[in-house]
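What follows is one structure encoded as structure tokens, with my remarks underneath.
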Amino acid sequence: MSQDLPKIGILTISDRATRGDYEDLSGPAIQAALEDYLATPCRFERRLVMDEVPDISAALRSFASEGCALICSTGGTGPAPRDVTPEAMEQVCHKMLPGFGELMRKASLDAGVPTAILSRQTAGILERSLVVNLPGKPGSIRTCLDAIFPAVPYCIDLIGGPYLEGDPQVVQVFRPRKK
Amino acid sequence: MSQDLPKIGILTISDRATRGDYEDLSGPAIQAALEDYLATPCRFERRLVMDEVPDISAALRSFASEGCALICSTGGTGPAPRDVTPEAMEQVCHKMLPGFGELMRKASLDAGVPTAILSRQTAGILERSLVVNLPGKPGSIRTCLDAIFPAVPYCIDLIGGPYLEGDPQVVQVFRPRKK
Amino acid sequence: MSQDLPKIGILTISDRATRGDYEDLSGPAIQAALEDYLATPCRFERRLVMDEVPDISAALRSFASEGCALICSTGGTGPAPRDVTPEAMEQVCHKMLPGFGELMRKASLDAGVPTAILSRQTAGILERSLVVNLPGKPGSIRTCLDAIFPAVPYCIDLIGGPYLEGDPQVVQVFRPRKK
């Protein structure tokens, strides 16, 4: 029954997409990438919010309380005045995982995007959810997800979430052997 | 009229240079590098302060309120007791950009300086100014600026500053295409 | 007299090792690596604590007040609920050195461990001690220490500690020339 499947929340953070000024392409791009990686069937839920800290915080908390193992956001991580996703992350996450941001910026730099250093993308733990910020641009999402996804299922194991398996044809999910 | 040119502030943070124990070579080295990169004529303003949080904070705020698009500091980013530049940054900046510090440390490591990991260099946004911390040593300044400068003009665009062009013979300034 | 030798504290942070559920292999692995690197004879002191912020904080403060030049911890840096080493670090250190965590995660990634991005390892300054977090797994400790050790003696110089020399057959300790 689909109610029992692991749940993944996708949050598009964008004033313009929320107002309907343009179509949200980023949320669907994240879902497509995750469906491609995962061998375990999952239930996806996508939402849109404005670039406002209270809206973003409320949406992240709501996804976490609904039991999402993974929450991916897109947008709002740059230096512009309306970019406030990291401020919401600091407010709601009880642990920050700086290695995600480091590796995503490095992957984007290696892909030939020198402005990757402007991104304040990070990841953190909120209750039993792993929250990962992705870029706003659909074209950059896959670069970042490809870099970090191999570590995502083991992180979800460590915080008490469902056991997710990757499709070995697409991604090499890594779980260290026990010491 | 030079009053209308984009303004760049350069802050040398050093007890000894401020007291006149030695000549400030770092501030002029930063100005020389930026004049080399930039095709857009700019006005430069250089100041010196002691390694004290209130002095550094006041100088950064002053440059920002005078409309500097870019503020570069040199010195005070190490682990020694008198190194307090990052503490002043945390106090005055409303957004931190960790990707700058990551890339500058990587560039210094790649240049054969293993002690680059001791640097607490960062960058941040203060009002409508981009503030970037550079090393205190003149010889390391160019290594760090070469690494991060391609992303600087676009960052200044995003925070509402003047449009700066680089000299393509010297540096490849990068502006992503709109999505 | 051994009382006058530079002192190094090693803190194993592990519920199970502290309760005696298994033998602490990580603390001794750190000591073995440091003895291998160092040409200067040092006195080592090893302790174990549970994964609790107050216990970790107290142990770090105690090592610092006893004059340890270097304190290495192992364990407690992941995203799991009982992993709280970084929270204790934030509480006791007055300066954080993000370059250590960045380089240790990169070294582990380069060694083929994609889950290195889950580590929240960092380093910081506590009074006149350099505190460095290492992984909990004995097999990953040497990878991380090899990466950062060349910068450790100079950091200890900068915070007023003893002059430590490395064994040039084992490690290339780096001290920049004065400007």
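Figures for the structure shown
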{"quantity": "Above-threshold pairs, the threshold being 22 Å between Cα atoms, out of A:K106/B:K106; A:K106/C:K106; A:K106/B:K7; A:K95/B:K95; B:K106/B:K137", "calculated": "A:K106/B:K7"}
{"quantity": "Relative contact order (%) - criterion: Cα under 8 Å, at least six apart; region: chain C", "calculated": "24"}
{"quantity": "Candidates A:S65, A:S129, A:S14, ranked by Gaussian network fluctuation over chain A, Cα under 10 Å, top entry", "calculated": "A:S65"}
{"quantity": "Of all chain B residues, the one whose C-beta is nearest the axis that brings B onto A, in angstrom", "calculated": "B:E102, 3"}
{"quantity": "Residue of C:P114, C:P138, C:P81 that the Gaussian network model of chain C assigns the largest fluctuation, springs spanning Cα pairs under 10 Å", "calculated": "C:P81"}
{"quantity": "Shortest-first nm distances, C:R128 label point to equivalent points in other copies (7 Å, Cα→Cβ)", "calculated": "4.9, 4.9"}
{"quantity": "Tail fraction, Cα-Cα pairs, the range C:3-54, threshold 13 Å, whole percent", "calculated": "60"}
{"quantity": "Packing-based exposure ordering (other Cβ within 10 Å, fewest first) of C:V84, B:V92", "calculated": "B:V92, C:V84"}
{"quantity": "Test item: A:139-145 mean partner chain Cβ contacts at 10 Å", "calculated": "1"}
{"quantity": "Volume of the Cα convex hull of the protein assembly as shown, divided per residue and given in Å³", "calculated": "159"}
{"quantity": "Most mobile listed residue (C:G160, C:G67, C:G136) in chain C, GNM with C-alpha springs under 10 Å", "calculated": "C:G160"}
{"quantity": "Ellipticity estimate at 222 nm from DSSP helix runs (n ≥ 4, -39,500 (n - 2.57)) divided over chain B, nearest 500", "calculated": "-11500 deg cm²/dmol"}
{"quantity": "Sorted largest first, extent of the range A:2-158 alpha carbons per principal axis (Å)", "calculated": "40, 33, 30"}
{"quantity": "Full-extension gain in nm, A:R47 to A:E87, via 0.36 nm per residue minus C-alpha separation", "calculated": "12.5 nm"}
{"quantity": "Sorted by Cβ neighbour density within 10 Å, fewest at the top, the residues C:S140, B:S26", "calculated": "C:S140, B:S26"}
{"quantity": "Position B:Q172, label points 7 Å along Cα→Cβ, spacing to each other copy in nm (shortest first, one decimal)", "calculated": "2.9, 2.9"}
{"quantity": "Cα-projected label distance for C:L5 with B:R19, points at 7 Å along beta-carbon direction, nm", "calculated": "3.8"}
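Every number here is computed from the coordinates shown, using simple stated rules; none is lab data. If you're wondering where the values come from, they're calculated on a predicted model, not measured in any experiment. Counting neighbours? That spans all protein chains shown, and the Cβs are built from the backbone with ideal geometry, glycine included.
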